[in-house]
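The structure appears below as structure tokens.
The values are calculated or read from the model by the stated rules, or taken from the named source; none is laboratory data. Here the structure is a predicted model, which means the values were calculated and not measured. No Cβ is skipped: glycine too gets one built from the backbone with ideal geometry, and neighbour counts run over all protein chains shown.
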Amino acid sequence: MPSTQTRRKRRLGEYLAGLRKTSSQDPVSVAGILRKSPATVSKIENGHVRPDFPTLSVLLALYNAGDEQRQTAESLWEDAVEEAAKIELTTDMSPKYRAFLRSETDAESARTLQQTVIPGLLQTHRYATAIHVAERRFQTSKRSLEKSVASRMARQQRLVDDRDPLVLHAVLDEAVLHRVVGGPEVMAEQLRHLLTRAEAPNITVQVLPYRAGAHGVMTSAITILGFEDPGDPDSVYLEYHGGGRWIEDEEAVANYVAEFEALAASALPAEESAALVREVAAEMEGP
């Protein structure tokens, strides 16, 4: 079974651990009844492993779970299912960026400020490829480049997930629209794609115009991830070439959230932003 910890599996594990303690069972005896190792029980309760349904049923019977508790556990079990779209990870990705990708799959919302490129969640395949080709000096192989692009495309499935779509609010510096990545044709296609994506109810795209001037986070892209569980506070990921940095200090996160909201207020409204994107796309397409 997969051993990657996720927030959804952790919520299931914490609930099962609570039922076990209420029933006065200890992990070693539970492991014996399941004919599994105590480490496996620990991995289930810590959110590293999602048990199969027969194992879940045995645990609920062993813990004397009532109908309501059983329904809650089964609902958490369904919610903890692995994402159908697997995220490709490459050796070129820093450990913190890998952690960001995993956290993004569990997030309920993402607020991102981008200074130079279209956000990865909104990129076309050709635009993403052009970016990675430009980074060829830092790619270890063509295969790594292909996997990086595949990872970016797979991440976008969260935006169209019927059961649990990611709510995305993207603020783009106006420079993002004018940087011709991959040539005018690729760029025009990308801008048209951006307009289409922005029509979805869970996606907001705003452009921060040049006239907005200086602001507090001009030197790096930021993404603020929000989670459904109140026990999982917002976290901020600062992204820069070759790595990134997590910000989880409550006061610091609050400052980034406040800065993002201030910039969103200074940015063009969604309709005006779309009009500007449409205008630049037409320029890229030529007469």
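Here are some residues: SER103, SER109. Which one is of a type outside the set (A, V, I, L, M), modelled with pLDDT under 90, within 21 Å of ASP232 (Cα to Cα) and in contact with a strand residue (DSSP E or B) (Cβ under 8 Å, 6 or more places away or on another chain)?
SER103
With the requirement that a residue be part of a helix (DSSP H, G or I) and either among the hydroxyl-bearing types (Ser, Thr, Tyr) or under 13 Å from LYS9 (Cβ atoms) (or both), what does region 48-65 give you?
First, pick out the residues of region 48-65 that are part of a helix (DSSP H, G or I): 53-62.
Result: THR55, LEU56, SER57.
Yes or no: THR90 out of contact with any Cys (no Cβ under 8 Å at 6 or more places or on another chain), at pLDDT below 85, part of a loop (DSSP other than H, G, I, E, B) and surrounded by fewer than 19 Cβ atoms within 10 Å (Cβ to Cβ)?
The answer is yes for THR90.
Residues that are part of a loop (DSSP other than H, G, I, E, B), closer than 30 Å to ASP79 by Cβ and either touching a residue at least 24 places away in the same chain (Cβ under 8 Å) or not aliphatic (A, V, I, L, M) (or both): does region 145-162 have at least one?
Yes, region 145-162 contains at least one residue that is part of a loop (DSSP other than H, G, I, E, B), closer than 30 Å to ASP79 by Cβ and either touching a residue at least 24 places away in the same chain (Cβ under 8 Å) or not aliphatic (A, V, I, L, M) (or both).
Taking only pairs six or more apart or across chains, which ones have beta-carbon atoms under 7 Å, a first residue in region 54-83 that is over 15 Å from GLY18 (Cβ atoms), and a second residue that is assigned to a helix (DSSP H, G or I)?
Every condition considered, the pairs that remain are THR55/LEU34; VAL58/LEU34; ASP79/ARG8; ALA80/ARG8; ALA80/LYS9; ALA80/LEU12; GLU83/THR105.
In the set VAL236, VAL205, which member is surrounded by 13 or more Cβ atoms within 10 Å (Cβ to Cβ) and touching a residue at least 60 places away in the same chain (Cβ under 8 Å)? Lay out the reasoning, then the answer.
Working: VAL236 fails: touching a residue at least 60 places away in the same chain (Cβ under 8 Å).
Going through VAL236, VAL205 in turn, just one is surrounded by 13 or more Cβ atoms within 10 Å (Cβ to Cβ) and touching a residue at least 60 places away in the same chain (Cβ under 8 Å): VAL205.
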